[in-house]
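In what follows, a structure is listed as structure tokens, so that the remarks can point back to it.
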Amino acid sequence: MKRRDFIKIVGSSALLMPMTALPLSAGKRILDYDKWNSFRLTYEVNLPADGKNARLWLPLPNSLEPSYQYTQGNNWSGNATQAQFATYGKEKFPVFMAEWRGESERRASVQCIIKTSHHAVNLNRYQASNNAAIPGDVRPFLLPTRLIPVDGIVRDVAYSIVYDEDNTTLDKARAIYDWLIDHFQHDETTPGRGTGDIKSMLDNSRLSGKCVDIHSLFVGLARSIGIPARIQYGIRMMESEVHDKLGRQTDVSRAQHSRAEFYLNDLGWVPVNPADVCKVAKLDNLEREDPLIEQLREKFFGAWEMNWITFNHGQDVELTNSKSGKLPFFLFPYAEIDNQALDSLNPDKFSYRIASAELIGTGATF
């Protein structure tokens, strides 16, 4: 088809560029891992004693992808009136729920044991088959959410990036990934991990924020042109072997982090992590052409370093018995006192602490 110039984002840092050929170097994204990391994740929660009723929800690590992560059990202690390990949503993501009645001390400690293996997909196995039907259980990942529309300016921008519809799904996903790395600016001043309000970002020509923002952009742009995509919400558990700014250990109360992935027929879900490429570029004050940034760009298209665990990929989340409506995503501890939500982004006032401990092994080199 002819090139369609839908939109121009104002500013030299956000120019829409046509897609060029993106060759896959043989073996470049084939990573072999035979070791697993084992972690203990611990939540320590002490809610304020005011109010007559308090409720707590904690996102827990899941075992929905046993090829790179599975859990080995959870336990809790504390003085909740009632508490349980449960699930939410059609995907049955794990959650810990507790409730306290009356004005008194409110304590809960939850521990989870998780094993992870570095996660990579061999993209050289991909055989382009653009006419193949998308499986029914994958089709929901083409739909819009409240903060991730797939029409209007989102679709316009996506088509401006990948205007040539003869390219493969993999080429288009790579073009979106590269375009975001070239134009998105990591912003340390963004509260939490960002809001993921992609229409606002595009309407205001302000491509900046943190991981939820850039990965929401990736997902929205991909979905708008028919590529299933989703965000995985989780938390960093240990120091990175790739870069010292991409990991935490011990106190991980503020180490929440998201990743993204897109779907290829006959291959499955492909992991990507453009957020960390932009983060290193910003914090190390490096140009996108710097050899380190180019190296990370290649590493994080088709692979995740699993010093991180995933909780869920839920969006527009409705927590059982919550009175505050749907959450755009469930990444942080969440609590209500007398039906009023606490500030999940402020662990000191909430108050909660999240700790990590590596239990055995050192993991493989990424």
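The values are calculated or read from the model by the stated rules, or taken from the named source; none is laboratory data. The structure presented is a predicted model; accordingly, all values stated were derived computationally and were not measured. Cβ: placed from backbone, ideal geometry, glycine included. Neighbour counts: every protein chain shown. Keep in mind that these areas ignore ligands, DNA and RNA; they rest on the heavy atoms of the full protein, side chains included. Shrake-Rupley method; radii C 1.70, N 1.55, O 1.52, S 1.80 Å.
Based on the Kirkwood approach, the hydrodynamic radius assigned to the chain is 21.3 Å, with every pair of different Cα atoms included. Restriction of the GluC sites (Glu not before Pro) in region 280-341 to DSSP coil positions whose beta-carbon has at most 11 other beta-carbons within 10 angstrom yields Glu287, Glu289.
For the pair Asn53 and Arg107, the difference between a 0.36 nm per residue extended length and the Cα-Cα distance amounts to 18.1 nm.
Mean separation of Cα pairs under 8 Å and 6 or more residues apart, divided by the residue count, gives region 233-366 a relative contact order of 29 percent.
Taking the Cα centre of the chain as reference, the dipole from Cβ charges on Lys and Arg (+1) and Asp and Glu (-1) amounts to some 600 debye. At a probe radius of 1.4 angstrom, the accessible area of region 64-147 per residue rounds to 55 square angstrom. Of the solvent-accessible surface of the chain, computed with a 1.4 Å probe and all protein chains present, 45% belongs to carbon and sulfur. Between Lys282 and Thr42, the FRET efficiency from the beta-carbon distance, with R0 = 45 Å, is close to 0.90.
Net length available on complete extension from Thr81 to Gln340 is 91.4 nm, with 0.36 nm assigned per residue and the Cα-Cα distance removed. Here r is the Cβ-Cβ distance between Ala128 and Thr190 and R0 is 41 Å; the resulting FRET efficiency, rounded to 0.05, is 0.65. For region 182-331, lysine pairs separated by 8 or more sequence positions, or belonging to different chains, with Cα-Cα distances below 22 Å total 13. At a probe radius of 1.4 angstrom, the accessible area of region 227-366 per residue rounds to 37 square angstrom. Take every pair of alpha-carbon atoms less than 8 Å apart whose residues are at least six positions apart; their mean separation over the length of region 194-285 yields a relative contact order of 24 percent. Each listed q (0.12, 0.24, 0.27, 0.29 Å⁻¹) maps to a log10 I(q)/I(0) for region 190-252, found by the Debye formula over equal Cα scatterers with no solvent: -0.39, -1.02, -1.11, -1.18.
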